[in-house]
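Take a look at the structure below.
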Amino acid sequence: MIKDYVFNTKYGWVSVRYSDKGIVSLRLPLLKKPLKCFCKEKVPVGFLKKLKKDFNKYFEGKKIIFEYPLDLENYSGFFKKVWKSLMKIPYGKVISYKRLAEKIGNPNSFRAVGNALAKNPIPVIIPCHRVILSNGKLGGFSAGIKWKKRLLKIEGVS
């Protein structure tokens, strides 16, 4: 059964969907609390209490290593391989789509890597914002380029 949790941060509301196996999806801050919210602003038990604290610390500029159970069973092996490799990129560092494709052993699959990043259901925890174009430009981001710039700035990447 999928459940929802919403918590507030200095940038707005973060929406988390989770199962008994872990986090299913995460939406970056919305400016106002979603109308369809199945929870109150209370701190639940388990990993969600820590997640809320970690996100608030992260948004304050503190280095946080997000280590949480993830429920990615509905995605292809290729996507999971890309995301697993992506989670090894250190805080405050960036890598190109091409380099990420090389790291997973498919050097010509940089477009497929980009597609996997575009479908990333759990941004920040799976840090697709740390992937840029080979020419140093930012490229895209599922939550919008404004969020990509903000997340990189939080991590000290100019």
Considering only segment 61-90, state which residues are of a type outside the set (Gly, Ala, Ser) and outside any loop (DSSP other than H, G, I, E, B).
70, 78, 79, 80, 81, 82, 83, 84, 86
Exactly one condition in (1) modelled with pLDDT of 95 or more; (2) surrounded by 16 or more Cβ atoms within 10 Å (Cβ to Cβ) is not met by residue 78; state its number.
(2)
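Among the residues of segment 116-135, is any outside the structural domain of residue 28 (by TED's automatic domain parsing), over 28 Å from residue 30 (Cβ atoms), loosely packed, with under 15 Cβ neighbours inside 10 Å and out of contact with any Leu (no Cβ under 7 Å at 6 or more places or on another chain)?
At the first step, the residues of segment 116-135 found to be outside the structural domain of residue 28 (by TED's automatic domain parsing) are 116-135.
The next check asks that each one be over 28 Å from residue 30 (Cβ atoms); those that pass are 134-135.
Checking which are loosely packed, with under 15 Cβ neighbours inside 10 Å leaves us with 134-135.
From what's left, out of contact with any Leu (no Cβ under 7 Å at 6 or more places or on another chain): 134-135.
Checked against the condition, which is being outside the structural domain of residue 28 (by TED's automatic domain parsing), over 28 Å from residue 30 (Cβ atoms), loosely packed, with under 15 Cβ neighbours inside 10 Å and out of contact with any Leu (no Cβ under 7 Å at 6 or more places or on another chain), segment 116-135 yields at least one hit.
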Would you confirm whether any residue within segment 96-118 is closer than 24 Å to residue 16 by Cβ, part of a loop (DSSP other than H, G, I, E, B) and in contact (Cβ under 8 Å) with a residue 12 or more places away in the chain?
no
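Being modelled with pLDDT of 80 or more, touching a Phe, Trp or Tyr at 6+ places or on another chain (Cβ under 7 Å) and over 18 Å from residue 148 (Cβ atoms) is the filter here; which residues of segment 19-64 pass it? Give the steps one after another, and end with the answer.
From segment 19-64, those modelled with pLDDT of 80 or more are 19-28, 47-64; that's our starting set.
Now drop any that are not touching a Phe, Trp or Tyr at 6+ places or on another chain (Cβ under 7 Å), which leaves 22-24, 28, 47-48, 51-52, 54, 59, 63-64.
Across segment 19-64, the qualifying residues are 22, 23, 24, 47, 48, 51, 52, 54, 63.
Quick one: how many residues across segment 43-73 are under 17 Å from residue 27 (Cβ atoms) and loosely packed, with under 12 Cβ neighbours inside 10 Å? Spell out the reasoning first.
Of all residues in segment 43-73, those under 17 Å from residue 27 (Cβ atoms) come to 48, 51-52, 54-56, 58-59, 66, 68, 70-72.
Next cut, loosely packed, with under 12 Cβ neighbours inside 10 Å only: none.
Here the count works out to 0.
The values are calculated or read from the model by the stated rules, or taken from the named source; none is laboratory data. For clarity, every value in this text was computed on a predicted model and none was experimentally measured. In this analysis, Cβ positions are derived from the backbone assuming ideal geometry, glycine residues included, and neighbour counts consider all displayed protein chains.
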